[in-house]
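The structure under discussion appears below in the form of structure tokens.
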Amino acid sequence: ATKRTPLMAGNWKMNLDHAEAIAAVQKLAWTLKDAGHDYSAVEVAILAPFTDLRSVQTLVDADKLEVRYGAQDVSQHESGAYTGEVSGAMIARLGCSYVAVGHSERREYHAESDAVVNAKVKAAFSKDVTPILCVGEGLDVRKAGDQVSYTLAQLDGALEGVPAEQAKSIVVAYEPVWAIGTGEVATPEDAQEVCGAVRARLAELYDAELAAGVRVLYGGSVKSGNVAEIMAQPDVDGALVGGASLDPVEFAKIVRYQS
Ligand code: PEP
């Protein structure tokens, strides 16, 4: 069987200024060091506001930290007259390993369509930044029982025209919108159902070997108290953690699947 290295990614959203970011990453790294964390067994990343990235880069470089980091969004455009946007080249230059693309808050508050998400996936790959592609249904869709078809349609849209050489390194985060920031966590079986369906679709879109290597994360109210049962699911390869990632000690527990 293909071995997938789990990824635990903290999405800070619009929290922590650059000084707070330095303190948070230091505390996370120290806490994980004390726990004897093996980063090759479980990868750790934080997704920080753009204004934090240079500070995080400096800290990670200076202290040779194994914590990875990334941005929460990227422009679909290469460069030019796009006031307020930040390009893939810019975040790549800051050492970002990852960028979240298509987070439900971007889709909802910034009207990001599947076509925009697709363009952002391509923009990230073109600069060798790995997209963490966020997909997942809202409450109405879940109540109607359409979570799998809805989520797979988002996946199809995001990957349109993305070649296998790039798609093989994508990270997909299944984040049911009704579970984000609500304290309402999907059951491990709910998470497995859709994460497994995502992997099966990747096998259809590409091939079984590619699908077996792609990491599929679950996101939505993950905490130290529920992470272990979610990580026990066969098609869940990590978590995208919002609120709980702001506390480095709690996030370190999540990274170690400890309650
Ligand atoms: C998220 O925003 O990606 C997320 C999963 O948030 P929370 O953990 O706070 O539900």
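Hey, with R₀ at 25 Å, roughly what FRET efficiency would Asp63 and Ala89 work out to, going by the Cβ-Cβ distance, to 0.05? Numbers along the way, then the final one.
Numbers: r = 26 Å, r/R0 = 1.03.
FRET efficiency, Asp63 to Ala89: 0.45.
Give the ranking of Tyr206, Tyr150 by solvent-accessible surface, highest area first, calculated with a 1.4 Å probe. Intermediate results must be reported in sequence, preceding the final value.
Details: Tyr206 50, Tyr150 95 Å².
Descending accessible area places them as Tyr150, Tyr206.
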Thr130's amide H: which non-local residues (gap 5+, or another chain) put their own amide H closer than 5 Å, with H modeled 1.01 Å from N in plane and none for Pro or chain starts? Tyr98, Val99
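Can you give the FRET efficiency for Ser259 and Ser79, using 1/(1 + (r/R0)^6), R0 = 35 Å, r = Cβ-Cβ distance, to the nearest 0.05? Walk me through the intermediate numbers first.
Details: r = 46 Å, r/R0 = 1.32.
It comes out at approximately 0.15.
Assuming 1.002 mPa s and 20 °C, estimate D for the chain with Stokes-Einstein, Rh taken as the Kirkwood radius over Cα pairs, in µm²/s. Intermediate values should be presented prior to the final figure.
Working: Rh = 18.1 Å.
Reported coefficient: 118 µm²/s.
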Antiparallel %, DSSP beta bridges [both residues in the chain], to 5: 0
Would you calculate the separation in nanometres between label points at Asn15 and Ser126, each defined as 7 Å from the Cα along the Cα-to-beta-carbon direction? 3.4
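With Cβ to Cβ distances under 11 Å as the rule, what net charge do the other residues near Trp178 carry (K, R +1; D, E -1)?
On the way: positive: Arg142, Lys143; negative: Glu137, Asp140, Glu175, Glu184, Asp190.
In short, -3.
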Would you please give the residues with an amide H less than 5 Å from that of Leu217, counting only those at least 5 places away or on a separate chain, with H modeled from the backbone geometry? Val172, Ala173, Tyr174, Asp237
Using a 7 Å offset from the Cα along the Cα-to-Cβ direction at both Ala212 and Lys168, what is the distance between the two label points in nm, to one decimal? 1.3
Surrounding net charge for Met90, when Lys and Arg each add one and Asp and Glu each subtract one, Cβ distance under 11 Å: +1
5 angstrom amide H check on Leu47, placed H, neighbours 5+ away: Gly10, Asn11, Trp12, Gly70
How many nm separate the modelled label positions at Val249 and Arg54, each set 7 Å beyond the Cα in the direction of the Cβ? 3.3
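Given a 1.4 angstrom probe, what's the average accessible area per residue across the chain, in square angstrom? All intermediate terms of the calculation are to be shown ahead of the outcome.
Details: 11380 Å² over 259 residues.
Heavy-atom accessible area per residue stands at 44 Å².
Please quote Rg/Rh for region 170-228 to two decimal places, taking the Kirkwood radius as Rh and restricting both calculations to Cα atoms. List each step's numbers first, then the result.
Values: Rg = 12.4 Å, Rh = 12.1 Å.
Reported Rg/Rh, Kirkwood definition of Rh: 1.03.
Counting Lys +1, Arg +1, Asp -1, Glu -1, what net charge surrounds Ala158 among other residues with beta carbon under 10 Å of its beta carbon? Working shown, then result.
Working: positive: Lys120, Lys122; negative: Asp114, Asp156, Glu160.
Taking every other residue near Ala158 into account, the sum is -1.
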Across the chain, where is the longest run that never hits trypsin sites (Lys or Arg not before Pro) in a DSSP loop with at most 10 other C-beta atoms within 10 Å? 65-259
For region 205-215, Karplus couplings with θ = phi - 60° (6.51, -1.76, 1.60), whole Hz, Gly/Pro x: 6, 10, 8, 5, 5, 4, 4, 6, x, 7, 8
Which of the chymotrypsin sites (Phe, Trp or Tyr not before Pro) found in region 1-96 are in a DSSP loop and have at most 13 neighbouring Cβ atoms, other than their own, within 10 Å? Tyr82
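In square nanometres and to one decimal, what's the mean projected area of the convex hull around the Cα atoms of region 1-98?
Values: hull surface 30.1 nm².
Hull-based average projected area comes out at 7.5 nm².
The values are calculated or read from the model by the stated rules, or taken from the named source; none is laboratory data. From a predicted model like this one, the values you see are computed outputs, not experimental measurements. Heads up, the Cβs are rebuilt from the backbone with ideal geometry, glycines too, and the neighbour counts pull from every protein chain shown. Accessible surface areas use protein heavy atoms only, side chains included; no ligands, DNA or RNA. Shrake-Rupley method; radii C 1.70, N 1.55, O 1.52, S 1.80 Å.
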